[in-house]
Every structure is written in structure tokens, then in C-alpha cells.
């Protein structure tokens, strides 16, 4: 929703300012300029991508309009799932959660959270770590193992925004290409009356305008939003890491959860009382 509102403000401000200045919106509707700029930039984007980078970028694009929002509720549900796992480990031993971590999709603990049951990456991040601990009984190496996993997730999530940002940076240049082609075309009308010549000159200059607008008003924000989504997602995984590491080192379930709670950004962090009340409920 915020993305749509932002685009409405960008395009509305540009159009309103132009009209208030005495301009006619029909003058800036130049499909041929858009085809040259966007088509050339898209082609360059495709040419620069590997198969995996292209598929990953396309897969991430829907998140711009339909992001997996991480908020206070998400963190509370995650803490509740972790508390259930840690409590079972504390009471019955690590072997008691083997079925839960082997198949999180059929686990009553993971499925108790509507948010986490749909987030298989987070489920397996927890499950694979605890399975390693169950197999080896060693907790010291798990921190580095989870850091490696988080880094891998971060690198994959950066593919989309990095490539889209490069595409955005190319748009002003493609706008200049369209403008130059417009000037070349205008030269063939050099003997025409001023009103005809002026129309073609204006159309040529619109190439530069569209390139800059598409860069800073449309595709630049897309890349930045995907980067912000990645940052929030990585913070979420680091919260899980803190709690799991505390649990495998033998701390009580509530203290382990407190390590996770303290890793949550203040904007989303529940108070200790809120967390305790939710767990009791």
C-alpha cells in the first residue's frame, strides 16, 4: 500500500506541477520515447544477469507490492514457537523435539503460529540448527554455522535490489539515447514551420525527462524497498539466532527467549511483561 501511495504522490506531483505551469499532459505522453528507454534498459538488465540472478530478481519483485511484513506480531509468534521448543527440550531432552525439527510442516509446535507455519525458511533455519545440535551435542560451533546461513540468505536477497538498482542507474543514460535520437529525427524537419519543429524538439527533450523520472521516481525506490525488506528479514533471523544459541548453551527457556527479545529492534520489541503474558496465555 505504501508503495502505491508513494507512486501516486510522485506521478501526481510531477503532473500537477506541469499542469499548473501551463503545460498540457498530452504533450508528455510519448510512447515511442518510453519504448526506447525502458526497452533498452530492460535489455541491458537481462544481458547483465545470470539465469539465477534473473529468476531471483523476478521472484523478488512481487514483494514490492506484497511484502512479508515483519512486525511485533511476527516476533511474538516466533518467540512463542521458540519457547514451546525450548521448554520441551528443557523438560524431556533434545531428543524429544526430533519429530518437530525433522518435519516442521507437520509439527504441532510450528503450526501453532500462522506466520511461522508459512515461513518454511525460518522453520528450517531453526530445525536444521537444532538437528545439528541433536546429532553432535556441541553448541560452540552452532553460532558460526547460523552466521553462515544468515549470510547466505542475505546474499541471495541482495541479488534483486542490486541488479534493479543498476538498471535504474542506466535509465538516465537511456533517456539521453532517446533524446539524441529525437534530435536526429528533428533535423529532418529543419525546414518545417516553428510549431512543427518545436513539437519534435519537445518530444526529444522528454527522453531525458523520462529517463530521470523512471530512475529516481520508479525503479530506484523499488531497489531500495527490496533492500529494506532484506534488512528487516536478516534482523529477524538474527533474533532467532540469539535465542537458539542461548538455549543450546543450557540457559532456561525464559532466559533464552530474553536473549531473542533483546535482539528485536525497539520498534517491534515487546516488553518482558507482554512476552510473559502471551506465553502464559
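The values are calculated or read from the model by the stated rules, or taken from the named source; none is laboratory data. This structure is a prediction, so every number in the text was calculated from the model and none was measured. Here the Cβ is made from the backbone with ideal geometry for all residues, glycine too, and neighbour counts use every protein chain on show.
Okay, residues lined up against (1) touching a helix residue (DSSP H, G or I) at 6+ places or on another chain (Cβ under 7 Å); (2) surrounded by 18 or more Cβ atoms within 10 Å (Cβ to Cβ); (3) under 30 Å from residue 213 (Cα atoms):
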| residue | (1), (2), (3) |
| --- | --- |
| 32 | no, no, yes |
| 41 | yes, yes, yes |
| 50 | no, no, yes |
| 55 | no, no, yes |
| 58 | no, no, yes |
| 68 | no, no, yes |
| 71 | no, no, no |
| 79 | yes, yes, no |
| 91 | no, no, no |
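Could you count how many residues in the stretch 133-148 are assigned to a helix (DSSP H, G or I) and either loosely packed, with under 14 Cβ neighbours inside 10 Å or under 29 Å from the mean Cα position of the chain (by Cα) (or both)?
Qualifying residue count, the stretch 133-148: 9.
Looking only at the stretch 178-200, which residues are in a helix (DSSP H, G or I), in contact with a helix residue (DSSP H, G or I) (Cβ under 6 Å, 6 or more places away or on another chain) and surrounded by fewer than 17 Cβ atoms within 10 Å (Cβ to Cβ)?
183
Give the residue that is modelled with the highest pLDDT, with candidates limited to residues of the stretch 3-28 that are under 21 Å from residue 198 (Cβ atoms), surrounded by fewer than 14 Cβ atoms within 10 Å (Cβ to Cβ) and in contact with a helix residue (DSSP H, G or I) (Cβ under 9 Å, 6 or more places away or on another chain).
My answer is 19.
Scan the stretch 135-144 and give yes if some residue there is farther than 30 Å from residue 94 by Cβ and modelled with pLDDT of 85 or more, otherwise no.
No, every residue in the stretch 135-144 fails to be farther than 30 Å from residue 94 by Cβ and modelled with pLDDT of 85 or more.
With a cut-off of at least 2 residues that are over 27 Å from the mean Cα position of the chain (by Cα), name the helices (runs of 4 or more DSSP H) lying wholly within the stretch 35-109.
Ranges flagged: 72-92, 98-102.
Could you tell me which of the residues 158, 151 is surrounded by fewer than 16 Cβ atoms within 10 Å (Cβ to Cβ), at pLDDT 95 or above and over 23 Å from residue 105 (Cβ atoms)?
From the options 158, 151, the qualifying one is 151.
If the Cβ limit is 7 Å and pairs must be 6+ apart or interchain, which residue in the stretch 1-30 that is more than 30 Å from residue 200 (Cβ to Cβ) pairs with which residue that is in a loop (DSSP other than H, G, I, E, B)?
Between residues of the stretch 1-30 that are more than 30 Å from residue 200 (Cβ to Cβ) and residues that are in a loop (DSSP other than H, G, I, E, B), the close pairs are 3/65.
Could you tell me whether the stretch 212-220 includes any residue that is surrounded by 16 or more Cβ atoms within 10 Å (Cβ to Cβ), farther than 20 Å from residue 35 by Cβ and without any contact (Cβ under 8 Å) to a residue 60 or more places away in the chain?
Yes: one or more hits.
Could you list, in sequence order, all residues of the stretch 243-281 that are assigned to a helix (DSSP H, G or I) and within 18 Å of residue 134 (Cα to Cα)?
243, 244, 245, 246, 247, 248, 253, 256
Can you tell me which residues in the stretch 221-274 are surrounded by fewer than 16 Cβ atoms within 10 Å (Cβ to Cβ) and closer than 17 Å to residue 66 by Cα?
Passing the criteria: 224, 228, 231.
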